[in-house]
1. Pull up region 314-336, narrow it to residues that are assigned to a loop (DSSP other than H, G, I, E, B) and closer than 17 Å to GLY350 by Cβ, then point me to the one that is modelled with the lowest pLDDT.
2. Mind listing whichever residues of region 69-85 are of a type outside the set (Ser, Thr, Tyr) and either at positive phi or surrounded by fewer than 23 Cβ atoms within 10 Å (Cβ to Cβ) (or both)?
3. Taking region 27-40, which residues are exposed (fewer than 15 other Cβ atoms within 10 Å of the Cβ) and either under 15 Å from VAL11 (Cβ atoms) or among the basic types (Lys, Arg) (or both)?
4. Just to be sure before I move on: is ALA65 touching a Lys or Arg at 6+ places or on another chain (Cβ under 8 Å), surrounded by 16 or more Cβ atoms within 10 Å (Cβ to Cβ) and more than 24 Å from GLU168 (Cβ to Cβ) in the structure I sent?
5. Which residues, counting only those in region 146-158, are out of contact with any Phe, Trp or Tyr (no Cβ under 8 Å at 6 or more places or on another chain), over 14 Å from MET87 (Cα atoms) and in contact (Cβ under 8 Å) with a residue 60 or more places away in the chain?
6. Cβ contacts < 6 Å: first residue touching a residue at least 12 places away in the same chain (Cβ under 8 Å) and farther than 14 Å from GLU296 by Cα, restricted to region 258-284; second residue in a strand (DSSP E or B) and hydroxyl-bearing (Ser, Thr, Tyr), any location; separation 6+ or different chain. Result?
7. Out of VAL42, VAL48, VAL76, VAL85, report the one residue that is in contact with a helix residue (DSSP H, G or I) (Cβ under 9 Å, 6 or more places away or on another chain) and touching a residue at least 60 places away in the same chain (Cβ under 8 Å).
8. Is it the case, given these coordinates, that ARG334 is among the charged types (D, E, K, R), more than 30 Å from LEU236 (Cβ to Cβ) and in contact with a Gly (Cβ under 7 Å, 6 or more places away or on another chain)?
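The values are calculated or read from the model by the stated rules, or taken from the named source; none is laboratory data. Remember, predicted model here, so these are calculated numbers, not experimental data. Cβ coordinates were reconstructed from backbone atoms using ideal geometry, including for glycine residues, and neighbour counts include every protein chain displayed.
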Amino acid sequence: MSGPADRARRVLIEAPADLLLDRLGDELAADFGIAEIELYQVDYRLSVLLPLGDGEPLTGPGHPAWRCFDHQEPIVVGDTGWFPVGMRGERRGVLRLAPVPPGRDAVDQLAAAATALGHELAAVSAGTDVYRAARRARRLTLAAEMQWELLPGRSRVRPSFSLAGQLEPAYAVRGDSFDWSDDGHRLWLSTINGSGEGVAASMLTSLATHALRNARRGALALADQAALADQAIYALHGGERHLSALLMELDLASGRLTVVDAGSPRLLRLRDGEVTEQVLEKQFPLGMFEGTDYQEQHFDLCRGDRLFVVSDGVIDATGGDVRYGETALDRFLRRTGPMAPLDAVRSLIGDLRAFVAGDLIDDAVVVCLDWTGPQP
């Protein structure tokens, strides 16, 4: 006989896309006596948890909902429970349930139901705007809408690596972006430092991203992926438009890192509490010249190494007349050692916002990658 979590999962699979929460609530009411259910999704800035219904947004870092989101574990206060909602390391938000029955088994079953909700949200999001529309604190610009739709997610967790990225200004980003994919043996990561303004910048980044994906899915080597994207941009713009990109391929068993630097964002390594910049061979940005011959570089990572990729929008952020700069960046990155990649990225973006006293003016992208080594 199936248990409550299995029944909740089946109900979610069979529910209409716009009624996931309603149908899950009915099932949890029957099995656990749950009378209140609400989904809070994290917004594009990673700064507020927004209710799907009529509740109040949650911003306070000490709130149980944020403790649940940050630590990715159930938090029960009185008879109210907060449960992480996500899938494969992608944090979507938290589920509020009340009253939660006493006992560890009930909490575990409800946590499993919240995880099932996270998977189903990912499955239905392409066919409904209900959940996307509810996770924005204000309207996205058209360019930002295009950029966020282009992303593979904001975080990814597998036994051999953890990965996260964030764009800023979240609601008005133009050309900066990132992309990743893995097949269990290798991880591919590209980070783009876009150029231009508005929709034109977003369209250029979209062309580069799709060209890189096309080459990657055709099993081309990393240098050839860069060459194909370079040709696609040059064929359309004749050298008048180009953008910088950093392409990486990580062998998940050995830690061997292959890199192509096409005028790229900066690559920094955190090892044993020390930050060093990985020296790369600067090559031409994608689309600058016809037929550029890109060269690969190779580096060996140590188990536990953390890599940061940051665009110039991070280094050049200014507060008043003061530039954020490399020194402040290195000092802050050293403090992120104990944090999960998504928390490290969110903390760095938060520090930048505090430094400039608001949203960044120029685009910035931050990506954090931990290689934890080969796992059984």
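1. Within region 314-336, the first condition is being assigned to a loop (DSSP other than H, G, I, E, B), and the residues that meet it are 316-317, 320-321, 324, 335-336.
In the following step, the residues that additionally are closer than 17 Å to GLY350 by Cβ were identified as 317, 324, 335-336.
Working: ALA317: 87, TYR324: 90, ARG335: 93, THR336: 94.
By that ranking, first place goes to ALA317.
2. The initial filter retains those residues of region 69-85 that are of a type outside the set (Ser, Thr, Tyr), namely 69-79, 81-85.
Of everything in region 69-85, those that are of a type outside the set (Ser, Thr, Tyr) and either at positive phi or surrounded by fewer than 23 Cβ atoms within 10 Å (Cβ to Cβ) (or both) turn out to be ASP70, HIS71, GLN72, GLU73, PRO74, ILE75, VAL76, VAL77, GLY78, ASP79, PRO84.
3. ALA29, ALA30, listed by residue number.
4. On the way: touching a Lys or Arg at 6+ places or on another chain (Cβ under 8 Å): yes; surrounded by 16 or more Cβ atoms within 10 Å (Cβ to Cβ): yes; more than 24 Å from GLU168 (Cβ to Cβ): no.
No.
5. MET146, the sole residue that qualifies.
6. What qualifies is PRO265/THR191; ARG269/THR276.
7. The unique qualifying residue is VAL42.
8. Working: among the charged types (D, E, K, R): yes; more than 30 Å from LEU236 (Cβ to Cβ): yes; in contact with a Gly (Cβ under 7 Å, 6 or more places away or on another chain): yes.
Taking the combined requirement at face value, the residue satisfies it.
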